[in-house]
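Worksheet for the structure shown next.
Please treat every number below as a calculation from the coordinates, not as lab data. What you see is a predicted model, and the numbers here were worked out from it, not measured in a lab. Glycine also receives a Cβ, built like all others from the backbone with ideal geometry; neighbour counts cover every protein chain displayed.
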Ligand code: HSE
């Protein structure tokens, strides 16, 4: 299977690392031999139709800041558009930073790949939050698969769980903690008395926050995930503008301490029932949804199965990279 990797940040670098160290296991257990034929970053691209030497690409990226500096295979300044349609490959992996205003450049990359008959895996929430119904239709029309399990919950299979396990049941509501950075920040502010700025700084250093961290703290990242879930689990055709959103900028350490004395914690909760909403919400500390750190937790409330909660790490390079591999395997099974 030939892969084109667009965007080479924390998640994509974790993916190439896993592909390198687990090469043998992926072949033996799944009969899969993924070859990355091109990687694109801001400086240009690296291309080898026989498959790039990923260890070498990683070290070049660390040393020079761009994969395009690799001798022989590097093409400095060349954009993704030069290869998405024309280079032979089965799957395009879109991992550029999320832009929730325009969806770009991710949306154009995904559209171009689907139109060229390539399967797409994306961990970029922007294109999906703004145009998931249209992109799904485009994938179906072109007879290819669009997968995005890493866009909600990082490596935790929240989308797979909701879609597959509850397919015969009727979902009445969904609520949960959908953003790892703000959960981490609120936990640090409550437990260790960190200021908002200190907690945000830590979330950035640890690589949980978005390239533009206002997406996390203003609730837009959680709203994007809520949009994806609403489209994926229900028959709603929704986009980001259908969600009412409030972030955590006004929450102070004193508010968290005061709530804690009463046996509550303040969490950024996304909820889908008749309405769709993201905002700071008090949860009883005994509520199973009330988890700390970077964890995400989603409660599915369905007609027959009742309440089910899925909890897991919602952010991080290796975690999200594991979801890309899950999607890859899923596509491979369907091919
Ligand atoms: N910034 C996101 C978060 C990354 O903190 O949850 C994972 O989507």
| said: Could you list 229, 189, 138 so that the one with the fewest beta carbons within 10 Å of its beta carbon is first and the one with the most is last? | reply: 138, 189, 229
| Exposure proxy ranking, count of Cβ atoms within 10 Å, fewest first, for 168, 233, 148 | 168, 233, 148
| task | Provide Rg and Dmax in Å for the chain, with only Cα atoms included in the calculation. | result | 20.1, 64
| said: Cut-off is 10 Å between beta-carbons; in what order do 64, 141 appear when sorted fewest neighbours first? | reply: 141, 64
| field | Residue-averaged [θ]222 nm for the chain, counting only DSSP H segments that reach four residues, each worth -39500 (n - 2.57) | value | -11500 deg cm²/dmol
| note | Rounded to whole angstrom, the alpha-carbon centroid of segment 298-331 lies from that of segment 61-123 at a distance of 25
